[in-house]
Amino acid sequence: MAVVTQSPTEGAVVKTSARTSAFVRISRYIVMRLLTLFVTVVIGVYLTIMIANMGGYVDQIMRSEVRDRITQQIGLNPAMQRMDPAVRRKLIEDTIALEEDRLGLNVPLVVRNARYLTNALTLNLGRSINITSDAGSKQVRLILLERLPPTLLLMGSSQLFLFFSSIFLALGISRNYGSFWDKLVVAFSPTSAVPPWFYGIFLILIFAAVFKVLPFGGMVDSPPPTNTFAYTLSLLKHLILPAFSLIISSFFLSIYNYRTFFLIYSSEDYVEMAKAKGLPARDVEQRYILRPTLPNIITNFALLIITLWTGATITETVFLWPGLGRTLFRAIGLYDIPIIVGSTIIYAYLLAMTVFLLDFFYALVDPRVKVGAK
């Protein structure tokens, strides 16, 4: 029987060919993935612009508001009342035209939406229409950056605590399936159907209105303490209720979700085989239960991080928390399209980058996943 052997040169050629094929595959995947995500971002941002403008209906509202405001200002001005009616009418129309030109209302809707889209994609966020920063600036970038730290403080403290505590408690409950605590979590998981701002209202009524131990809202006392330690205590005191309302609204459901994943993987045959071989319980959990759930845990953590940008819109409004969520709520009420579009495009870019990078993280934690493989 003849034995076919492979020379070292042929082996090197095969390895080089395999590497080239993998590089081409990954490069093609990266290009197509980035192109797909970019198209998705463009469509999402353009739809946001159209919805924020209500297909042009907001323009009509703004034109009416401009006309009423300028007519009243000129009509109530004593100096203008002595003018000839025709001259006063001409002044009103000219002033209205200037204001509409400043707001861009004289530009066709399609052209203006295209400008909004182009500026948004290049992160040229422009100027706000009605909202100003605490420093008096109308630059959307400065307004969003000014509101970002309060949102990161509130969302970061509550969501990170919720994430890590849920995993820790769910792992402990999954070890004791059917126990009292397991049944308690299952029974209370429907409480997450209630939004956090609803819990916030009840917490305000109980701890601020009745017991008077915590403030109704805001971020610090008014006037703010000048001492650093006193300022920190005031900040923490104001943080308790909004953070607790965000935690309690998702606490039991989050534990229930992770507990379900852990139970599914703990009932696999290879887990029973590992136990039969006498592996320690800690090793079984780390290798055969926690590791298969890593993709899901990483996904939830990544989406949690980018969700910090959006803030809790209604919850921040209920607690008068000066974050991005409350700013976005005000922008929607004031039809401030630059603020809405600016917040949306940054979140869209963060989401697109996260989705893109997650595929590579999956390949790192799970050998079965091949980037770009069909």
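Laboratory data are not the source of any read-out in this text; all were calculated from the coordinates shown. Given the structure is predicted, the values throughout are model-derived calculations rather than measurements. Here Cβ is always computed from backbone atoms with ideal geometry, including for glycine, and neighbour counts include all displayed protein chains.
Please find the FRET efficiency linking residue 38 to residue 69, where r is the Cβ-Cβ separation and R0 is fixed at 41 Å, and quote it to the nearest 0.05.
That gives a FRET efficiency of 0.50.
In nm, what is the difference between 0.36 nm times the number of residues separating residue 320 and residue 102 and their Cα-Cα distance?
75.4 nm
Please identify the trypsin sites (Lys or Arg not before Pro) of the range 264-372 that satisfy two criteria: DSSP loop assignment and at most 10 other Cβ atoms within 10 Å. Which are they?
Answer by residue number: 277, 368.
Please check the chain for the longest run free of chymotrypsin sites (Phe, Trp or Tyr not before Pro) that are loop-located per DSSP (anything but H, G, I, E, B) and have at most 15 other Cβ atoms within 10 Å.
It runs 1-176.
Determine, from the Cβ-Cβ distance of residue 50 and residue 188 and an R0 of 45 Å, the FRET efficiency 1/(1 + (r/R0)^6), rounded to the nearest 0.05.
After rounding to 0.05, the efficiency reads 0.65.
What is the P(r) of the range 23-109, as percent of Cα-Cα pairs per 10 Å bin from 0?
It works out to 15, 27, 19, 14, 11, 8, 5, 2, in whole percents.
Using amide H atoms built 1.01 Å from N in the peptide plane, name the residues 5+ places from residue 127, or on other chains, whose amide H lies under 5 Å from its own.
140
Can you classify the range 199-320 as rounded, prolate or oblate using the Cα gyration tensor, where a ≥ b ≥ c are the square roots of its eigenvalues, rounded means a/c under 1.5, and otherwise it's prolate if a/b beats b/c and oblate if not?
prolate
What nm value, rounded to one decimal, do you get for the distance between residue 80 and residue 210 when each label is placed 7 Å out toward the C-beta?
5.3
For the range 291-302, what does the Karplus curve 6.51 cos²θ - 1.76 cosθ + 1.60, with θ = phi - 60°, yield as ³J(HN,Hα) per residue in whole Hz, taken in order and with x for Gly and Pro?
Those phi angles translate into 5, x, 8, 4, x, 5, 5, 5, 4, 4, 5, 5 Hz.
Quick one: if you stick a label point 7 Å off each Cα along the C-beta vector at residue 165 and residue 87, how many nm between them?
In this crude label model, residue 165 to residue 87 measures out at 7.1 nm.
Under the rule of -39500 (n - 2.57) per DSSP H run of 4 or more residues, summed and divided by the residues of the chain, what mean residue ellipticity at 222 nm is obtained, to the nearest 500 deg cm²/dmol?
Result for the chain: -24000 deg cm²/dmol, rounded to the nearest 500.
Which FRET efficiency value, to the nearest 0.05, do you get for residue 23 and residue 361 by plugging their Cβ-Cβ distance into 1/(1 + (r/R0)^6) with R0 = 22 Å?
0.65
According to the square roots a ≥ b ≥ c of the eigenvalues of the Cα gyration tensor, what is the shape class of the range 303-344, taking rounded for a/c under 1.5, prolate for a/b larger than b/c otherwise, and oblate for the remainder?
Oblate.
Lys and Arg at +1, Asp and Glu at -1: add these up for the other residues within a Cβ distance under 9 Å of residue 274 and post the number.
My count for the surroundings of residue 274 gives +1.
Once you order the gyration tensor axes a ≥ b ≥ c over the Cα atoms, which shape class does the range 283-366 get: rounded for a/c under 1.5, otherwise prolate or oblate by comparing a/b with b/c?
In terms of gyration-tensor shape, oblate.
Whole number please: convex hull volume per residue, Cα atoms of the chain, in Å³.
About 249 Å³ per residue, rounded to a whole number.
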